[in-house]
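Undergrad: One structure, pasted below without further comment.
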Amino acid sequence: MALWGISTTSETSGNNYNIPKFFLDTDRNNTPHNCFADVRGWVYRRYGTTEQSGLSTSYYDEVIVPVAGLNTVGSGASTTGLGLATPVAVFFEDENRASPISIGAGGTTGITTGSIGNVHLVFNELVYVSAGATICLRAFDANNANETTAIVATAGSFANGSTVLNYINNTGFVANTSYNGQITNRPSFAFTAPSTVLAANVNFLTTTINATIAIGATNIFVDNTTGVVAGVSSISVVGPGTITTRPIVSVASTFVQIGTASTVASVLGIGTVVTFSTRTNATKLSIDISRGFIGVITDVSGGVGVTSSFTSDIIRNIGGAGSTSSVGIGTTTLTVTA
């Protein structure tokens, strides 16, 4: 039964966090993050809406494989239990909320300033999540530098007046109406993207000078101008005749031209290294795994706490079409643009 993820070894990325091995990060139709343990065994939650999280009130559960008492601590040599609910993945929700995963055409590549995004925290069991629990997001410029004010993502509640059914240990199916939070293995935390973004010069090409440049010259002869665009790109030179992010006003196959107000201060010799960059207005968000989550989340199996810390390998880039490098449901960073 090891392939069904009920080994008693430590929960790590190596054993898929005890989630059934038949569900893979790359599976477009059966993401492992909709699978969880309850007292009956491994259960797969199939959502009836695009809300692929604890905010949804339309779903049905399918028992994939019966394992009695799977979400308990277990008892005796013949009984396997997972113990406390453990975080197994955390990622930014696909803005398109698509299932199968939306990559390529329509996949999430970023969100705009002031828009609403969501982080999904996935457990290997059902949990009770109180509204107001939080996850911290870090914010950097396009070079992943110059960190600015953190953003807080906050857990909400499913719709007031709605009823959801979940299977509870020693009780059976229980209906909860207007629960102030979420009852799920996949709680959703909402955040508002910053209203302004950071600016940074992003390097894209390093090459060398191929002809000596005299004092006062504005044409700089270089070995490569691939990707350099007048009015968009800038040039930097370190050393004698230092130039720092001077804008390019014209581009040819063998040289670039800088403005007359940015003339070279001294002779630049052959072989001097130059770097081209693009001014980029964007803020990159990442999940602060060092802080875990803050707030009340308890294990449905016994009403006790859950493992609240995040390990480095639960940050998941959930792609699709056989690739975990694709941008889609489960991107590990999210870019905010104006």
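Undergrad: Read through the list (1) without any contact (Cβ under 8 Å) to a residue 24 or more places away in the chain; (2) over 22 Å from G54 (Cβ atoms), then give the number of the only condition that S178 fails.
TA: Condition (2) is where S178 drops out.
Undergrad: A further question follows. Taking segment 272-291, which residues are assigned to a loop (DSSP other than H, G, I, E, B) and either in contact with a Pro (Cβ under 8 Å, 6 or more places away or on another chain) or polar (S, T, N, Q) (or both)?
TA: T272, S290
Undergrad: If you scan segment 33-80, which residues turn out to be modelled with pLDDT of 85 or more and of a type in the set (S, T, Y)?
TA: Y44, Y47, S53, S56, T57, S58, Y59, Y60, listed by residue number.
Undergrad: I want to confirm something. Restricting to segment 94-117 and keeping residues that are part of a loop (DSSP other than H, G, I, E, B) and at pLDDT 80 or above, which single residue is surrounded by the most Cβ atoms within 10 Å (Cβ to Cβ)?
TA: Initial filter on segment 94-117 (part of a loop (DSSP other than H, G, I, E, B)): 94-110, 113-115.
From the residues that got through so far, the ones that are at pLDDT 80 or above too are 113-115.
Values: T113: 16, G114: 12, S115: 12.
Once the filter is applied, the top-ranked residue is T113.
Undergrad: Taking only segment 118-169 into account, find how many residues are in a strand (DSSP E or B), surrounded by 20 or more Cβ atoms within 10 Å (Cβ to Cβ) and of a type in the set (F, W, Y).
TA: 2
Undergrad: A follow-up question, please. Checking V229 against (1) within 22 Å of N281 (Cα to Cα); (2) surrounded by 12 or more Cβ atoms within 10 Å (Cβ to Cβ): exactly one of these is not met. Which one?
TA: (2)
Undergrad: I'd like to check something: does segment 172-185 contain any residue that is in the same structural domain as E125 (by TED's automatic domain parsing), among the hydrophobic types (A, V, I, L, M, F, W, C), outside any strand (DSSP E or B) and under 30 Å from T31 (Cα atoms)? Give the steps one after another, and end with the answer.
TA: Taking segment 172-185 as the starting set, the residues that turn out to be in the same structural domain as E125 (by TED's automatic domain parsing) are 172-185.
From what's left, among the hydrophobic types (A, V, I, L, M, F, W, C): 173-175, 183.
Imposing the further condition that a residue be outside any strand (DSSP E or B) reduces the set to none.
There is no residue in segment 172-185 that is in the same structural domain as E125 (by TED's automatic domain parsing), among the hydrophobic types (A, V, I, L, M, F, W, C), outside any strand (DSSP E or B) and under 30 Å from T31 (Cα atoms).
Listed here are the residues, each with its yes/no results for (1) β-branched (V, I, T); (2) surrounded by fewer than 13 Cβ atoms within 10 Å (Cβ to Cβ); (3) closer than 19 Å to F140 by Cα.
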site	(1), (2), (3)
I243	yes, no, no
S250	no, no, no
S253	no, yes, no
A261	no, yes, no
V267	yes, no, no
I270	yes, yes, no
S277	no, no, yes
I287	yes, no, yes
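Undergrad: A further question on this structure: Give the residues of segment 180-205 that are under 15 Å from G303 (Cα atoms) and buried (at least 20 other Cβ atoms within 10 Å of the Cβ), sorted by residue number.
TA: Pass one, segment 180-205, residues under 15 Å from G303 (Cα atoms): 181-185.
G181, Q182, T184, N185 - these are the residues of segment 180-205 that are under 15 Å from G303 (Cα atoms) and buried (at least 20 other Cβ atoms within 10 Å of the Cβ).
Undergrad: Further, regarding this structure: Does any residue of segment 134-150 turn out to be touching a Pro at 6+ places or on another chain (Cβ under 9 Å) and under 30 Å from F173 (Cα atoms)? Give the derivation first.
TA: Within segment 134-150, the first condition is being touching a Pro at 6+ places or on another chain (Cβ under 9 Å), and the residues that meet it are 139, 148-149.
Going one step further and asking which of them are under 30 Å from F173 (Cα atoms), we end up with none.
Scanning segment 134-150 turns up no residue that is touching a Pro at 6+ places or on another chain (Cβ under 9 Å) and under 30 Å from F173 (Cα atoms).
Undergrad: Give T225, T208 a once-over and let me know the one that is of a type outside the set (A, V, I, L, M), in contact with a Ser or Thr (Cβ under 7 Å, 6 or more places away or on another chain) and not in a strand (DSSP E or B).
TA: Answer to the selection: T225.
Undergrad: Still on this model: For segment 202-243, give me each residue that is at pLDDT below 95, more than 16 Å from Q257 (Cβ to Cβ) and not hydrophobic (A, V, I, L, M, F, W, C).
TA: T212, G239, P240, T242
Undergrad: Return the total of residues in segment 201-228 being among the β-branched types (V, I, T), within 12 Å of V274 (Cα to Cα) and touching a residue at least 60 places away in the same chain (Cβ under 8 Å).
TA: Residues that pass the stated criteria total 4.
The values are calculated or read from the model by the stated rules, or taken from the named source; none is laboratory data. Treat the numbers as computed from the prediction; the structure is a model and nothing was measured. All Cβ positions, glycine included, derive from the backbone under ideal geometry; neighbour counts span all protein chains shown.
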